[in-house]
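Below is one structure, written out as structure tokens, with a few remarks after it.
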Amino acid sequence: STGVRPNVELAQDAGIEVAQGIVVDDNMRTSVSNVYAAGDVAQFGERPVGLWPVSMEMGRIAGAAAAGDWVEYKQPLISTMLAAFEREIFSIGEVNLPPDECRIVEIIDPVEKYYKKSYIKDGVLVGEIIIAPKVDTSESMRNLGRDKSGKKHYKSWKCRLCGYIHEGPEPPDICPVCGAPKDMFDPVE
């Protein structure tokens, strides 16, 4: 896999603003009036994400906006796991921050074949990458959004239907995994 490369040729030909993908705002509007983009081709923020839960949420927001319901897109917490070359590769949160925007802590254990890179912004863990023969994600999931004292700086919300975890001040309007409404989310501590 080489990632996602959005096909933006049609959008460019139509005069729509394009960077790495079709540039959208928090309602999935493009630079052209009444034209929306969502999914792997849409770029909200620095780059297109290319993950289906993100694409689902973008599609929901774009559809709502096209129908006149202005719901703001909130980027869901992104985590991925890949098994390759007898290793598991796990990432969660913001893992592309430049060194001048955060503190980066790396742990390398060649004997255990373990690598961990943590991104800490304003004293809070905001992202992590782990490569190991077997990755335990529980510590990363538990510590994300916490400072070194263990105080959490934002809330976690768990979908009662599918178990999806959302990080943010409030639950999402709809679960990007199973489509459950906001009232199906419970706070997690």
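The values are calculated or read from the model by the stated rules, or taken from the named source; none is laboratory data. Predicted, not measured: the structure shown is a model, and the values here were computed from it. Cβ atoms come from the backbone with ideal geometry, glycine included; neighbour counts cover every protein chain shown.
Overview of values
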quantity: Where Thr80 falls short, out of the listed (1) more than 14 Å from the chain's Cα centre (by Cα); (2) part of a strand (DSSP E or B); calculated: (1)
quantity: Residue satisfying condition, being buried (at least 16 other Cβ atoms within 10 Å of the Cβ) and either modelled with pLDDT of 90 or more or touching a strand residue (DSSP E or B) at 6+ places or on another chain (Cβ under 6 Å) (or both), within set Lys113, Lys152, Lys134; calculated: Lys152
quantity: Test set (1) at pLDDT 90 or above; (2) assigned to a loop (DSSP other than H, G, I, E, B); (3) surrounded by 12 or more Cβ atoms within 10 Å (Cβ to Cβ) - Ile61 fails condition number; calculated: (2)
quantity: Residue selected from the range 83-93 under the condition assigned to a strand (DSSP E or B) and not aromatic (Phe, Trp, Tyr), by the criterion surrounded by the fewest Cβ atoms within 10 Å (Cβ to Cβ); calculated: Ala84
quantity: Matching residues in the range 175-185 - criterion: being modelled with pLDDT under 85 and among the aliphatic types (A, V, I, L, M); calculated: Val177
quantity: Any hit, the range 64-77, residues being among the aromatic types (Phe, Trp, Tyr), part of a loop (DSSP other than H, G, I, E, B) and crowded, with 16+ Cβ neighbours inside 10 Å; calculated: yes
quantity: Any hit, the range 57-67, residues being outside the structural domain of Val135 (by TED's automatic domain parsing), within 30 Å of Tyr114 (Cα to Cα) and without any contact (Cβ under 8 Å) to a residue 60 or more places away in the chain; calculated: no
quantity: Filter pass, Asn96 being among the polar types (S, T, N, Q), over 28 Å from Ile61 (Cα atoms) and touching a strand residue (DSSP E or B) at 6+ places or on another chain (Cβ under 9 Å); calculated: no
